[in-house]
1. Kindly indicate the residue of region 186-195 that is out of contact with any strand residue (DSSP E or B) (no Cβ under 8 Å at 6 or more places or on another chain) and buried (at least 23 other Cβ atoms within 10 Å of the Cβ) and also nearest to VAL330 (Cα to Cα) among those meeting that condition.
2. From SER221, SER158, SER154, grab the single residue that is in a helix (DSSP H, G or I), of a type in the set (S, T, N, Q) and under 22 Å from ALA295 (Cα atoms).
3. Here's a check for you: in region 78-110, which residue that is surrounded by fewer than 15 Cβ atoms within 10 Å (Cβ to Cβ), modelled with pLDDT under 95 and out of contact with any Asp or Glu (no Cβ under 9 Å at 6 or more places or on another chain) is farthest from ARG66 (Cα to Cα)?
4. Is there any pair linking a residue in region 194-223 that is under 18 Å from LEU321 (Cβ atoms) to one that is in a strand (DSSP E or B) and aliphatic (A, V, I, L, M), with Cβ under 7 Å and at least six apart or on different chains, and which?
5. Please pick out the residue among ARG288, ARG283, ARG238, ARG249 that is surrounded by fewer than 18 Cβ atoms within 10 Å (Cβ to Cβ), in contact with a Phe, Trp or Tyr (Cβ under 6 Å, 6 or more places away or on another chain) and closer than 25 Å to PRO147 by Cα.
6. Of all residues in region 227-261, how many are of a type in the set (Gly, Ala, Ser) and touching a Cys at 6+ places or on another chain (Cβ under 8 Å)?
7. Return the residues of region 166-181 that are open to solvent by 30 Å² or more (accessible area, probe 1.4 Å) and either closer than 24 Å to ALA69 by Cα or part of a helix (DSSP H, G or I) (or both); say none if nothing qualifies.
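The values are calculated or read from the model by the stated rules, or taken from the named source; none is laboratory data. A quick note: this is a predicted structure, and the numbers were derived from the prediction, not measured. With ideal geometry, Cβ positions are generated from the backbone for all residues, glycine too; neighbour counts draw on all protein chains shown. Areas reflect the complete protein model, heavy atoms only, side chains present, ligands, DNA and RNA absent. Shrake-Rupley method; radii C 1.70, N 1.55, O 1.52, S 1.80 Å.
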Amino acid sequence: GAGFIGANFVLGWCARHDEPVVNLDALTYAGNVASLAPLAGNPRHVFVRGDIGDADRVAHLFAAHRPRAVVHFAAESHVDRSIHDAAAFIQTNVVGTHTLLECATRHWVDATGRDPAFRFLHVSTDEVYGSLGPDDAAFSETTPYAPNSPYAASKAASDHLVRAWHHTHGLPTLTTHCSNNYGPLQFPEKLIPLMLLNARTGKPLPVYGDGANVRDWLHVSDHCAALRVVLDRGVPGRTWNIGGKAERRNLDLVHALCGILDTMCPDSPHRPHASLITFVTDRPGHDRRYAIDAARIAAELGWTPAVRFEDGLAQTVRWYLDHAAWVDGVTSGRYRDWVDLHYGSTVA
């Protein structure tokens, strides 16, 4: 709940509901408690620094707070990092999910008496489906799994564990597969914030291969709205794809970002920012295209994306320009020291 999507979900939940949230996060490099600053002093938000793979810590939280639902965002999620070292991805995404499922199941059985209203919402990715050709139909919930990166394989494994816990133990699980998210509070290793920050400082804008890889972009606020709907009305045991209906080539996206920066930063010495685009060697196994068919969630739960991509992109650029202190904090070594000082032994 301190990473990109999780923090946005927690902030949105606390703005809309009186129901409290227990927020467990290990605060690895991509977790940032500064993202949760608006909740400082809010008694409905309990933050705990800890790992979902720590069975004792997780069991303690279940016993202490008796949650009626788990929303499982915790994941190592950067494909490039998984290519260079997959160990952390296996540990968090597979082993951590197993631990969370075990603890949730014990809580559901022992503390709630198998309450049919309990929910375990598992947030996954469209990358478990593999890669599409330019004319292939978009991913649906029945598309066979074909993960191509260590990250995608670890998420596919976690999906299978969640499915097995539902079918074997009856745990009321819900699974979602989202397309590429964008918006505020995203760690600057991902494409959009990386390009924005590099462009602002005149650094090269590295584009893999020919830049023709296609992604479907989903604003994080739309994703969080979809998750709230799934948690509220989703039938246990089912899966839903969540997409933004905004397929774009990576190169076109970077050009769009540069154009927005040119307009918003007319005095920048790096204009036109597109002059900074640099093509680099493609990463191994780079999936060519992702696209989401979100017909099921629209038909069953009434959700469709509300944020027009061009509007969301401009809002995202504006947010990063206006929050330089957040960016500096999340990328600074001082932040890691502060986290260790303040959260090194947090227990709740």
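1. That would be GLN186.
2. After applying the criteria, what remains is SER221.
3. HIS84
4. These pairs meet every condition: MET195/LEU205; ASN198/LEU205; ALA199/LEU205; LEU205/ILE277.
5. Among ARG288, ARG283, ARG238, ARG249, only ARG283 is surrounded by fewer than 18 Cβ atoms within 10 Å (Cβ to Cβ), in contact with a Phe, Trp or Tyr (Cβ under 6 Å, 6 or more places away or on another chain) and closer than 25 Å to PRO147 by Cα.
6. Going through region 227-261 one residue at a time, the tally reaches 1.
7. Of everything in region 166-181, those that are open to solvent by 30 Å² or more (accessible area, probe 1.4 Å) and either closer than 24 Å to ALA69 by Cα or part of a helix (DSSP H, G or I) (or both) turn out to be HIS166, HIS167, THR168, HIS169, GLY170.
For (1) under 23 Å from GLU310 (Cα atoms); (2) crowded, with 20+ Cβ neighbours inside 10 Å; (3) touching a Leu at 6+ places or on another chain (Cβ under 6 Å), each residue gets a yes or a no:
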site: ALA117; (1), (2), (3): no, no, no
site: VAL123; (1), (2), (3): no, yes, no
site: VAL128; (1), (2), (3): no, yes, no
site: SER131; (1), (2), (3): no, no, no
site: GLY183; (1), (2), (3): yes, yes, no
site: THR201; (1), (2), (3): no, no, no
site: ALA212; (1), (2), (3): yes, no, no
